[in-house]
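Here's the structure we're looking at; comments come further down.
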Amino acid sequence: MTSPIKSLPTSRSRGERRGARLDALSRTEKIIAFCRVLLAVGTIAVVFVDPSQPSYRPEFGYAVLGSYFLFSVTIFFLVRGEHVRQEKVGLYSVAADIAWIALITLFTERGTSPFFLLHVFLLLSVSVRWGLAVTLPVTVLLAVLYPAMILAASMFDPGEFVFHRTHLFRPFYLLVLGYLIGYVGEHERRSKRKMGFMLDLPAAFRRDRPPGPAIVRLMRRGLTQFAAERAVLVLRDPETGRYFTWEVTRHSGHGHVALRITESDPFPFPFASATEAFVANDLRPGLGTALCYDVPSGAMVRKAIAADLRLPGEGAAQAMLGAPILLQRELRGRALVVREKARAKFTRDDLEFLLLIVGQAAAGFEAVRLQEKAEEVAVLEERARIARDLHDGFIQSLAGIDLRVEACKMLLQRDPSRVPRELQDLHQAVDRGYREVRHYLTVLRSQARPANDLCATLERLAAEFSIREGVRVHLARPTADPGLPAATSYELTQIVREALRNAVRHGQATQAIVKLGSRPSHLYLVVRDNGRGFQLPEAPPDDDGFLPTDSAPWSIRERSAALGGSLRVWSQPGRGAEISLLIPVAAQHGRRRADRRTYA
């Protein structure tokens, strides 16, 4: 089953990939401009050192040299002050360099000529800007321009210029030199492009952007980087098992994007294992081979390609790169880059760079996905915390108010004289519940949970129950505050509050003990009362008299689980109840780091 294909044009949007901003002029242009000034100074120095220079028309030769120096200084200050755009200064300065170097060569032809000094600088400046593709035409132009200019000068002024064998050998040397310089510059240019590609890669992994456009944008840049015509990305959804296939093509400056959703892999490669990448420069049916590279082990093996293998492009593919998308050594898909021009070849460097891109991109997208999942889990945990808080506070207050209302109804029939007293208690209960809700809403609106001292908070809680509920609460705590994270202190306070409230309301306790202690490996909390105890469950207690954990109120159980603690419940009829909680310290270190990230 295949979903309909969605095809969209990918022509470049307005403003995309424009030249550098005025405040971001390439440092390369600044270096070239500075070197041009040094070249002009060096050329003038050579002319002044050699008394025979300028060898032709000195009155015009000095004017040409001086004007070139002024031109070099002007370009240097324009570039340094970032008053011109990078693409303009590069193109115009090269055209001006060609004209000035041709004139300087003409006026310094005889004697100590700076011929190669001038031409090497020009070829270097072109090479570092545009690589081999532009360096070769410029070299050919210089190689043709030099003998043509000398030939024309010899015809115009035969007394000063004579065309001889040297004027033919110099262009040949220039061609060889231009190719070497262009080759080195092309390698440097590709290295810079790769570095720039990797530096821009993290910008694609943003939570505020949908993954689809980010993937297409990355594939389009990959086509430019690899000088290819087709890029294919196959991703398998681990939840549904479906395959999502993005295919980006570019021909004659026009591109298209297609997305397919299939039940099976549209491009299976049985010759390559799940952890193998491959480069295939021979895709002839029945004769093609691929060099497979195992990512974990680094082993390389050449394998045959089956004649009936389905390839992207419907037979137009001439060479292909393939890289597995691995997450924890599990195959999630493949990335393919296809060249469709005749005699197009990929190298091992291309395969290694594709593996680097795929690895970084997969890790980046997976990090964004895991962060979104973590936020979803955090939202669910926060909802559960709010539910526990409402159960321990507001819902308990509503339950108490409901009981007092029922008591007032009964007193109206049996003893109306006690109704005013009950109504006064009811009013106090409503007022207390109102204050609790207002306080809780204030906590929710605040940016961070209050990081109060846990011991001081427990002391206030003990005094509150002693005054409001008439129960004597004894607090035993360490001399120094344990220094717990704010979230842990909050949860422990709520556990103590719920345990004391249940002891008073359900156990009719008159005394309670709250004990807090810390050890290097753990933290423990004990709440014990002298009430009636828990109602014994159907499951009998263990040999030490401890009840099953589900005997404790559900809010206490959930808070204990959230802290990563071990909860134990002890109770006997008429002898009260005891709730003890043991929390490992390592878990609290992790919560402290989470608090710093969340509430900083």
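The values are calculated or read from the model by the stated rules, or taken from the named source; none is laboratory data. What you see is a predicted model, and the numbers here were worked out from it, not measured in a lab. When we count neighbours, we look across all protein chains shown, and the Cβ atoms used for this are built from the backbone with ideal geometry, even at glycine. Heads up: the accessible areas ignore ligands, DNA and RNA and are worked out on the full protein's heavy atoms, side chains in. Shrake-Rupley method; radii C 1.70, N 1.55, O 1.52, S 1.80 Å.
Side notes on the structure shown:
- Test result for Arg85, farther than 22 Å from Ser67 by Cβ, touching a residue at least 60 places away in the same chain (Cβ under 8 Å) and open to solvent by 80 Å² or more (accessible area, probe 1.4 Å): yes
- Residues in the stretch 334-393 that are surrounded by 15 or more Cβ atoms within 10 Å (Cβ to Cβ), among the acidic types (Asp, Glu) and more than 15 Å from the chain's Cα centre (by Cα) were compared, and the one that is modelled with the lowest pLDDT is Asp392.
- If you go through the stretch 91-136 and keep only what is within 41 Å of the chain's Cα centre (by Cα), of a type outside the set (A, V, I, L, M) and part of a helix (DSSP H, G or I), you end up with Tyr92, Ser93, Phe121, Ser125, Ser127, Arg129, Trp130, Thr135.
- Taken over the stretch 283-298, the criterion of being under 14 Å from Arg348 (Cβ atoms) and surrounded by fewer than 14 Cβ atoms within 10 Å (Cβ to Cβ) is satisfied by Gly298 alone.
- Test for Ala227: is it within 28 Å of the chain's Cα centre (by Cα), among the hydrophobic types (A, V, I, L, M, F, W, C) and open to solvent by 60 Å² or more (accessible area, probe 1.4 Å): yes
- Number of residues in the stretch 558-593 that are modelled with pLDDT under 85, under 39 Å from the mean Cα position of the chain (by Cα) and surrounded by 14 or more Cβ atoms within 10 Å (Cβ to Cβ) equals 8.
- For the stretch 173-210, a residue qualifies if it is loosely packed, with under 15 Cβ neighbours inside 10 Å and farther than 29 Å from Phe121 by Cβ, and the qualifying residues are Met198, Leu199, Asp200, Pro202, Ala203, Arg206, Arg207, Asp208, Arg209, Pro210.
- Scanning the stretch 62-70 finds no residues that are over 30 Å from Thr245 (Cβ atoms), at pLDDT below 50, out of contact with any Lys or Arg (no Cβ under 6 Å at 6 or more places or on another chain) and exposed (fewer than 12 other Cβ atoms within 10 Å of the Cβ).
- Taking the numbered list (1) open to solvent by less than 60 Å² (accessible area, probe 1.4 Å); (2) modelled with pLDDT under 80 in turn, Pro540 passes all entries but (1).
- Failed item, numbered, when Phe163 is tested on (1) open to solvent by 50 Å² or more (accessible area, probe 1.4 Å); (2) closer than 28 Å to Leu91 by Cα: (2)
- The numbered conditions (1) without any contact (Cβ under 8 Å) to a residue 40 or more places away in the chain; (2) under 13 Å from Arg170 (Cβ atoms) are all true for Leu91 except (2).
- Selection of the stretch 109-118 for residues being closer than 16 Å to Val64 by Cβ and at pLDDT 80 or above yields Pro114, Phe115, Leu117, Leu118.
- Residues of the stretch 104-152 that turn out to be on the phi > 0 side of the Ramachandran plot and either open to solvent by 10 Å² or more (accessible area, probe 1.4 Å) or basic (Lys, Arg) (or both), as a count: 1
- Residue tally, condition of a type in the set (Asp, Glu), over 18 Å from His522 (Cβ atoms) and either open to solvent by 50 Å² or more (accessible area, probe 1.4 Å) or modelled with pLDDT of 85 or more (or both), over the stretch 456-501: 3
- The set of residues in the stretch 312-333 that are in contact with a Lys or Arg (Cβ under 6 Å, 6 or more places away or on another chain), open to solvent by 10 Å² or more (accessible area, probe 1.4 Å) and within 12 Å of Leu283 (Cβ to Cβ) comprises Gly313, Gln318.
- Ala342 vs. criteria farther than 17 Å from Phe205 by Cα and free of Cβ contacts under 8 Å to residues at least 40 places away in the same chain: yes
- Any chance Val337 is of a type in the set (Val, Ile, Thr) and out of contact with any Leu (no Cβ under 8 Å at 6 or more places or on another chain): no
- Of note, Arg302 satisfies the criterion of being open to solvent by 60 Å² or more (accessible area, probe 1.4 Å), part of a strand (DSSP E or B) and of a type in the set (D, E, K, R).
- Some residue of the stretch 363-377 being assigned to a strand (DSSP E or B) and under 24 Å from Lys194 (Cα atoms): no
- Screening Met410 on (1) open to solvent by 30 Å² or more (accessible area, probe 1.4 Å); (2) assigned to a loop (DSSP other than H, G, I, E, B) shows it passes everything except condition (2).
- Residues that are among the polar types (S, T, N, Q) and at pLDDT 90 or above were ranked within the stretch 250-272; the one that is nearest to Ala299 (Cα to Cα) is Ser264.
- Note on the stretch 235-282: among residues that are within 14 Å of Ile325 (Cα to Cα) and of a type in the set (Ser, Thr, Tyr), the one that is surrounded by the fewest Cβ atoms within 10 Å (Cβ to Cβ) is Ser273.
- The residue list Pro137, Pro158, Pro147 contains one member that is in contact (Cβ under 8 Å) with a residue 24 or more places away in the chain and not hydroxyl-bearing (Ser, Thr, Tyr), which is Pro147.
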